[in-house]
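Taking it in order: structure first as structure tokens, then the write-up.
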Amino acid sequence: MSQQPNFLVIISDEHRKDAMGCAGHPIVKTPNLDALAARGTMFTSAYTPSPMCVPARAALATGDWVHKSRHWDSATPYAGEPQSWMRALRDAGREVVSIGKLHFRSGEDDNGFSEETLPMHVVGGVGWAIGLLRENPPDYDAAAELAEDVGAGTSTYTDYDLAITGAAEAWLAAPERQDQPWAAFVSMVSPHYPLTCPEEWYSMYDPAEMDLPVGYGAGLPDHEELRNIAAFFNYEDYFDEQKMREAKAAYYGLTSFMDHCAGRVIRALEASGQLENTVILYVSDHGDMMGDQGFWTKQVMYEASAGVPMIAAGPGIPAGHSVATCTSLTDIAATAREVCGLAEDAGSNGLPGVSLRMIASAPYDETRSGFSEYHDGGSKTGAFMVRWGRWKYVYYAGMQPQLFDLEADPQEQTDRARDGRNDPEVTAALAEGDRRLRAICDPEEINARAFSDQRRRIAELGGEEACRTAYVFNHTPTPDEQDQMREGSPL
């Protein structure tokens with residue numbers, strides 16, 4: 001067996017960072033992720049580069065911020081450039097396979113994999129074009145689907161996850177895996193909505209015993225941009241208390257179902273004799289608000305949306321360890337290069353990432369900022385989040401910022417930028433947040449660039465009316481469903 005480690009990324013979709021037993025959640029059951037955390041390191045201040053699938057996954061592939069690669073939104077998917085870390089590994093001679101959801105433009109692009117198995121890409125190579133219409137947003141009627149699909153049963157997504165899991169098990173068991181080091185990206189869609197959960201896992205959670213969302217019944221936060229997003233993604237109107245409890249039971253059930261699938265993949269790795277020689281990284285692309293603060297799904301900078309679960313285990317990673325240094329999905333590219341023995345090259349110069357193995361073994365670093373940005377559907381202006389130490393600063397171009405003290409207020413219910421204007425500590429934190437943000441980017445310039453690029457993209461797609469009527473959906477169809485769409489068959 002090779003002495004150089006294999007690299008296995010297991011990624012879920014829409015898994016909020018607190019919804020794990022190892023994160024202290026009192027309800028959710030995730031025994032396999034808990035076991036992975038026990039033999040590895042949890043990164044408790046991990047963030048998505050953008051709380052939306054397509055830009056987050058582009059940033060994960062490139063290892064760079066959304067505003068640098070200009071994959072702003074759900075209709076500007078990754079198309080092979082800039083070079084991905086997967087391509088860097090493959091071009092260095094390592095087998096690099098994907099199994100499951102990618103959410104890139106197309107398998108016809110060179111995304112960097114040796115092979116793509118059961119890939120899910122954006123619809124029609126375009127994606128969700130309605131999100132481009134930020135200056136003149138239409139009504140988004142698909143929001144009602146979220147509540148309609150709540151309950152017990154199978155869905156195309158859970159069926160797809162079982163197929164992904166089976167394909168990963170078969171790939172890991174193949175004798176060729178023993179010949180040379182490999183890298184694999186196993187990507188599931190659960191617990192992403194539809195909130196339809198197989199009975200075995202739905203029955204684990206009694207809706208009557210579900211926790212109420214943060215700020216339940218208090219209404220939306222008093223902020224212009226957050227109200228813009230809530231008006232566009234108008235999910236809350238469709239959730240009374242009973243439906244909300246059923247939705248949480250289904251989300252927790254889907255989380256346990258995803259944990260079951262991840263456990264099967266890890267057990268297949270162990271059965272192949274390669275567990276001890278593989279660096280395993282578990283992450284999600286972003287979180288899910290699940291009714292907190294009056295929001296459902298993602299798109300906002302609260303911890304439940306912009307934070308992500310992140311666990312690493314294997315050679316060179318401390319066991320039973322927890323790290324509070326801020327980390328990002330952009331660190332995955334640097335981790336892959338370091339684990340797989342790639343020297344620094346032109347493709348990695350200037351990228352913000354640091355190997356998670358190095359961060360796991362280093363002292364806490366408060367100088368490192370967490371960062372996220374949002375330029376997609378429902379937003380009227382760019383949102384930029386910076387996290388350091390106890391503070392989180394959210395800057396909205398042209399609007400009032402937010403500031404949260406995550407030590408004193410972990411559920412982010414008190415905006416200190418609004419209520420602490422005469423507090424010297426708040427004044428200092430606002431200045432520090434602005435300093436850290438502008439060390440990363442000029443938010444006004446980036447906001448203008450995003451809108452300019454999106455106007456150009458709208459024109460490329462045939463104008464606003466074409467964006468309103470083409471590819472209207474609430475969640476990306478599975479590969480089988482997209483095949484049916486291309487053949488003109490009803491779904």
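Read-outs throughout are calculated quantities, based only on the coordinates presented, and are distinct from any laboratory measurement. None of the values given here were measured: they were computed from a predicted structure. Methodologically, a virtual Cβ is constructed for each residue, glycine included, from the backbone with ideal geometry; neighbour enumeration extends over all protein chains shown.
Using the reciprocal of the averaged 1/r over all distinct C-alpha pairs, how large is the Kirkwood radius of segment 13-114 in Å?
This gives a value of 15.4 Å.
Of K243/K380; K29/K248; K101/K298, which sit over 21 Å apart, Cα to Cα?
Flagged as over cut-off: K243/K380.
Starting from one equal scatterer on each C-alpha and no solvent at all, send me the Debye-based log10 I(q)/I(0) for segment 262-334 at q = 0.12, 0.18 Å⁻¹, two decimals.
Taken in order of the listed q values, log10 I(q)/I(0) reads -0.46, -0.85.
Given the peptides 144-151, 298-305, arrange them by the average over their residues of other C-beta atoms within 10 Å, most packed first.
298-305, 144-151
Please work out the Cα center distance from segment 259-289 to segment 403-431, rounded to the nearest Å.
Value for the Cα centre distance between the two parts: 38 Å.
What is the fewest-to-most order of D13, D419 by other Cβ atoms lying within 10 Å of their Cβ?
D419, D13
Would you tally the net charge around L133, using a Cβ to Cβ cut-off of less than 15 Å, leaving L133 out, and scoring K and R as +1, D and E as -1?
Computed value for this residue: -3.
Please give the net charge around A183, taking every other residue with its beta carbon less than 15 angstrom from that of A183, where Lys and Arg add +1 and Asp and Glu add -1.
Combined, the nearby Lys, Arg, Asp and Glu give -1.
Taking the Cα atoms of segment 77-211, what is the range of coordinates along each of the three principal axes, in descending order and whole Å?
Over segment 77-211, Cα extents along the principal axes are 51, 44, 25 Å.
Give the percent of DSSP beta bridges with both residues in the chain that are antiparallel, rounded to the nearest 5.
45 percent
Before rounding to the nearest 500, sum -39500 (n - 2.57) across all DSSP H runs of length at least 4 in the chain and divide by the residue total; then give [θ] at 222 nm in deg cm²/dmol.
After summing the helix terms and dividing by the residues of the chain, the value is -10000 deg cm²/dmol.
Order of 75-86, 309-320, 451-462 by packing, highest average Cβ count within 10 Å first?
With the highest mean Cβ count within 10 Å placed first, the list reads 75-86, 309-320, 451-462.
Using +1 on the beta carbon of Lys and Arg, -1 on that of Asp and Glu, and nothing else charged, what's the dipole of the chain about the Cα centre, debye to 20?
Here the size comes out at about 1160 debye.
Given an 8 Å cut-off on Cα distances and at least 6 residues of separation, report the relative contact order of the chain as a percent.
Relative contact order, the chain: 25 percent.
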